[in-house]
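J.: Quick one: structure below, then a few questions.
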Amino acid sequence: EKGTYAHYMLKEIDEQPIVMRNIIKNYQNENNELKLDADIRSAMKAADRIYIIAAGTSYHAGLVGKELIEKLANIPVEVHVASEFSYNTPLLSEKPLFVFISQSGETADSRAVLVKIKEMGHPALTITNVPGSTLSREADHTLHLYAGPEIAVASTKAYTAQIAVLAILAVDTANVKGIQLDFDPLQELAIVATAMETLTGQKEEIEQLARDYFETTRNAFFIGRSGDYNVSLEAALKLKEISYIQAEGFAGGELKHGTIALIEEGTPVIALATQENVNYSIRSNVQEVVARGANAMIISMKGLEEDDDSFVVPHVNELLTPLVSVIPMQLLAYYAALHRGCDVDKPRNLAKSVTVE
Ligand code: F6R
């Protein structure tokens with residue numbers, strides 16, 4: 001039930017700190033150590049390459065998962081859009097492990113890939129919010145998101161839950177492989193949960209930004225580099241699916257190779273700046289678009305902020321910044337859709353789970 005909330009989407013955005021804490025609780029044992037099944041551990045250890053398969057928002061979580069698994073567990077990862085995999089099947093490694101990311105566990109495009117790789121004899125792990133779902137039953141292993149039912153068509157808490165579980169999977173694999181890490185995911189996720197609470201308490205500020213930037217615009221650009229680029233893709237998807245504003249997520253450095261031609265007087269450009277190593281270069285990209293008339297909004301992170309930034313998210317571990325920077329993006333999309341009179345929870349032409357290929 002959505003209780004006092006006007007929309008499920010807003011309720012689900014607000015639930016994200018609770019979901020983080022549920023994940024922490026469910027993935028640790030009484031000694032505060034990670035608790036994953038032995039068969040998942042051996043599947044991860046045996047894999048020489050991981051193929052993440054997903055669609056939409058879950059695909060965007062997969063992009064963050066690639067970075068986490070490669071950096072922490074030192075296994076190469078490819079991320080594939082499920083609907084393309086059947087035709088553009090990549091050359092597979094000798095010991096592939098397929099990881100399906102799906103909130104519903106019912107996405108037909110992902111299932112088609114699962115059926116195909118099972119025929120080929122490869123192992124599969126499904127990360128899902130619905131343990132009894134088709135993708136969960138048909139895979140060898142399942143990791144649960146513990147996010148609670150997600151009702152709004154636009155996915156919010158499933159995205160952050162997927163990233164949190166991927167971080168846990170990456171660290172657990174590193175532990176099993178004997179890789180020493182200076183990163184305790186349970187502690188870091190607890191810090192994230194607190195940061196998320198701060199952010200969900202700042203709705204008025206974000207609602208005002210949505211008014212200033214999205215009230216009448218036809219289009220919008222989200223830019224970022226490195227980890228922020230992955231979030232810019234999700235930010236654009238959220239905005240377009242519920243507010244019908246044409247939006248694109250773009251790598252900051254790629255703008256000048258064509259897309260900057262679209263910047264006109266007043267075009268909203270939302271820049272994410274949470275990554276220290278690219279902080280200078282993303283800010284230069286902002287200057288480039290401002291010089292062409294863009295209405296720029298910089299969302300930065302505590303410790304990297306500058307005076308004119310529009311919004312600053314609390315500091316969290318650099319590997320986990322998508323978990324916090326996505327919250328203002330979700331809220332911007334929500335308020336943009338609300339102010340434009342759109343049906344937030346049930347956008348046109350969309351269904352919650354896509355069970356046709
Ligand atoms: C966007 C959205 C969709 C889903 C996609 C995959 O907000 O919800 O892009 O992420 O249809 O769905 P699942 O995760 O159920 O496989």
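No lab work stands behind these numbers, since they all come straight from the coordinates. Quick caveat, the model's predicted, so the values are computed rather than measured. All Cβ positions, even for glycine, are placed from backbone atoms using ideal geometry, and neighbour counts span all protein chains on display.
J.: Answer rounded, prolate or oblate for the range 195-246, using the Cα gyration tensor with square roots of eigenvalues a ≥ b ≥ c: rounded when a/c is under 1.5, else prolate when a/b is larger than b/c, else oblate.
T.: oblate
J.: Same structure again: Given a Förster radius of 35 Å and the C-beta distance between residue 181 and residue 349 as r, what FRET efficiency does 1/(1 + (r/R0)^6) yield to the nearest 0.05?
T.: It comes to 0.20.
J.: Taking the Cβ-Cβ separation of residue 339 and residue 254 as r and a Förster radius of 35 Å, what is the calculated FRET efficiency to the nearest 0.05? Show your work: numbers first, answer last.
T.: Numbers: r = 30 Å, r/R0 = 0.86.
Computed FRET efficiency for residue 339 and residue 254: 0.70.
J.: Spin-label point model (7 Å from Cα, Cβ direction): what's the residue 216 to residue 32 distance in nm?
T.: 5.5
J.: Shifting gears a bit: Any chance you could tell me what percent of the C-alpha pair distances in the range 93-187 go past 24 Å?
T.: Above the 24 Å cut-off, the range 93-187 has 28 percent of its Cα pairs.
J.: What does the highest-first list of 223-235, 285-297 look like by mean Cβ count within 10 Å? Mind showing how you got there, number by number?
T.: Values: 223-235: 25.2, 285-297: 17.5.
For the peptides 223-235, 285-297, the packing ranking is 223-235, 285-297.
J.: Here's another thing I want to ask about it. Give, rounded to the nearest 20 debye, the magnitude of the charge dipole that the range 292-356 has about its Cα centre when Lys and Arg contribute +1 at Cβ and Asp and Glu contribute -1 at Cβ. Display every interim value, and only then the final one.
T.: Numbers: 6 positive and 8 negative charges, 111 e Å.
Value, rounded to 20: 540 debye.
J.: Also, I was wondering about something else. Sorted by packing (mean other beta-carbon atoms within 10 Å per residue), highest first, where do 271-283, 162-174 land?
T.: 162-174, 271-283
J.: Can you list the HN-Hα couplings for the range 61-72, worked out from phi with the Karplus curve (6.51, -1.76, 1.60; θ = phi - 60°), rounded to whole Hz and with x for Gly and Pro?
T.: Residue by residue, the range 61-72 yields 5, x, 4, 5, x, 4, 4, 5, 5, 5, 6, 8 Hz.
J.: From the phi of every residue in the range 263-278, what ³J(HN,Hα) in whole Hz does the Karplus formula 6.51 cos²θ - 1.76 cosθ + 1.60 yield, where θ is phi - 60° and glycine or proline is x?
T.: Calculated HN-Hα couplings, in order: 6, 10, 4, x, 5, x, 10, 9, 9, 9, 9, 10, 10, 4, 5, 10 Hz.
J.: Please report the spacing between the Cα centers of the range 227-282 and the range 32-78 in Å, no decimals.
T.: 26
J.: Still on this structure, please answer the following. Using only the alpha-carbon atoms, how far is helix 157-176 inclined from the longest principal axis of the chain? Give it as 0 to 90 degrees, nearest 10.
T.: Compared with the principal axis, the helix lies near 50 degrees.
J.: By per-residue mean of other Cβ atoms within 10 Å, what is the highest-first order of 60-72, 4-16, 175-187, 307-319?
T.: Ranking, from highest mean packing down: 60-72, 4-16, 307-319, 175-187.
J.: Moving on. Within the P(r) computed for the chain, what percentage of the Cα pairs occupies the region above 34 Å? Provide the component values of the computation, followed by the final result.
T.: Values: 14673 of 63546 pairs.
I get 23 percent for the Cα pairs in the chain exceeding 34 Å.
J.: Pairing the Cα long axis of helix 321-339 with the longest principal axis of the chain, what angle in degrees results, from 0 to 90 and rounded to the nearest 10?
T.: Compared with the principal axis, the helix lies near 50 degrees.
J.: Further, regarding this structure: Compute the long axis of helix 227-243 from its Cα atoms, compare it with the longest principal axis of the Cα atoms of the chain, and write down the angle in degrees, 0 to 90, nearest 10.
T.: Between the helix axis and the principal axis of the chain, the angle is about 70 degrees.
J.: Roughly how far apart, in whole Å, are the Cα centres of the range 124-148 and the range 304-357?
T.: Going from one Cα centre to the other spans 25 Å.
J.: Follow-up. Around residue 49, which amide H atoms from residues at least 5 apart in sequence, or from another chain, sit under 5 Å from its own amide H, with H modelled in the peptide plane?
T.: Answer set, sorted by chain and number: 95, 97.
J.: So, one more: So what's the back-of-envelope 222 nm ellipticity for the chain, counting only DSSP H runs of four-plus at -39500 (n - 2.57) apiece and dividing by all residues, rounded to 500?
T.: Counting only the DSSP helices, I get -13500 deg cm²/dmol.
J.: Karplus couplings for the range 26-38 from phi (6.51 cos²θ - 1.76 cosθ + 1.60, θ = phi - 60°), rounded to Hz, Gly and Pro as x?
T.: 7, 9, 10, 8, 5, 9, 6, 9, 5, 10, 10, 4, 4
J.: Count the DSSP beta bridges whose two residues both fall in the chain, then state the antiparallel fraction as a percent rounded to the nearest 5.
T.: So the antiparallel bridges in the chain amount to around 5 percent.
J.: Moving on to the next point. For the range 1-41, build the convex hull from the C-alpha positions and give me its volume per residue in Å³.
T.: Values: hull volume 4.3 nm³, N = 41.
Output value, Cα hull per residue: 104 Å³.
J.: In addition: Do you know the relative contact order of the range 1-134, to the nearest whole percent, from alpha carbon pairs under 8 angstrom that are 6+ apart?
T.: Worked out over the range 1-134, it gives 22 percent.
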